[in-house]
Amino acid sequence: MDLRSIIALVLFFALFVGTIVLYAGYHKGEYHFNPVRFITRVAMFGAMSTILYAVPVFKFSLPFFPSFLEIHFDEVPAFICGFAYGPLAGLAVVLVKTLVKLALVGTNTMLVGEACDLVLSSVYIFIAAFVYKKIRNLKGVAIGLSIATAVQVFVAMLSNVFVMIPFYMMVMNYPEALLLQLMQKAMPFITDVKWSYAVAAVLPFNLLKDALVIVITFIVYHYIHRFLRMKKA
């Protein structure tokens, strides 16, 4: 593990602990929403999300999926913020994560990859947080996450077939044969770089990633949600 990854790990846990400590001072009494507090929350959760999104140590690929499909957990802080403070707060965290990542690390996909990630995360988090805002119980969580996962996976398949794969072939000059070879290295039964890839790889990969994100979000939110509650103005 290199020095940058170690620093990122330390910073992540410092932010995580700092968030809990900051809000622990409020949980004994109700308090009203105000813009400064909202910005502070979004900034802190956005910083955690950015670290999980931009630092390589927090990403990994699986041997049974194409190597360019990576598991990452940057949606966990956005989910927690969205469940605690509403869907707009969750969306704000996603936006902050994307903008800060671009400012600090840049892009190697001419913003296309980041734009797709922004859309997918926004759809996923907004739907789940919106449903939970209307039905604030375990049933609301289950309904929201089920609908959000289904929509997000469908959008992910469409974006890969009609945006990402054509982008790599036409703009980045990746030959179709090379992309297919990379896909078949992990999943030999893929027959083309479009719908065969989308159904065989994108669909199960996103279902697995979403399941991991949901489990981690449940665990973390269960232990800290009392510190994150606020009374609406």
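The table that follows gives values for the structure above.
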quantity	calculated
Some residue of the stretch 117-138 being over 30 Å from I39 (Cα atoms), of a type in the set (F, W, Y), in contact with a helix residue (DSSP H, G or I) (Cβ under 9 Å, 6 or more places away or on another chain) and surrounded by 19 or more Cβ atoms within 10 Å (Cβ to Cβ)	no
Whichever residue in the stretch 45-75 is outside any loop (DSSP other than H, G, I, E, B) and small (G, A, S) and, among such residues, is modelled with the lowest pLDDT	A54
Near pairs, Cβ below 8 angstrom, 6+ apart or cross-chain, from the stretch 182-193 (open to solvent by 10 Å² or more (accessible area, probe 1.4 Å)) to any residue that is polar (S, T, N, Q)	L182/S67; K185/S67; A186/S67
Search result, residues across the stretch 132-173 that are of a type in the set (S, T, Y) and over 18 Å from F65 (Cβ atoms)	Y132, S146
Matching residues, the stretch 47-61, being free of Cβ contacts under 8 Å to residues at least 40 places away in the same chain and open to solvent by 20 Å² or more (accessible area, probe 1.4 Å)	K59, F60, S61
One residue from V153, V163 being under 19 Å from F73 (Cα atoms) and surrounded by 13 or more Cβ atoms within 10 Å (Cβ to Cβ)	V153
Count of residues meeting criterion [free of Cβ contacts under 8 Å to residues at least 12 places away in the same chain and surrounded by fewer than 16 Cβ atoms within 10 Å (Cβ to Cβ)] in the stretch 139-150	4
Unique residue being touching a Phe, Trp or Tyr at 6+ places or on another chain (Cβ under 9 Å), under 27 Å from A43 (Cα atoms) and outside any helix (DSSP H, G or I) when the list is T109, T149, T98	T109
Residues that are crowded, with 22+ Cβ neighbours inside 10 Å and not aliphatic (A, V, I, L, M), drawn from the stretch 62-86	D74, E75, P77, F79, C81, G82, F83, Y85
Hits in the stretch 164-215 - residues which are under 19 Å from the mean Cα position of the chain (by Cα) and either over 22 Å from V119 (Cβ atoms) or assigned to a loop (DSSP other than H, G, I, E, B) (or both)	V215
Residue satisfying condition, being farther than 28 Å from L208 by Cβ, buried (at least 20 other Cβ atoms within 10 Å of the Cβ) and modelled with pLDDT under 90, within set V42, V21, V17	V42
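The values are calculated or read from the model by the stated rules, or taken from the named source; none is laboratory data. Note that this is a predicted model, so its numbers are computed, not measured. When we count neighbours, we look across all protein chains shown, and the Cβ atoms used for this are built from the backbone with ideal geometry, even at glycine. Please note that ligands, DNA and RNA were not included when accessible areas were found on the heavy atoms of the full protein model with its side chains. Shrake-Rupley method; radii C 1.70, N 1.55, O 1.52, S 1.80 Å.
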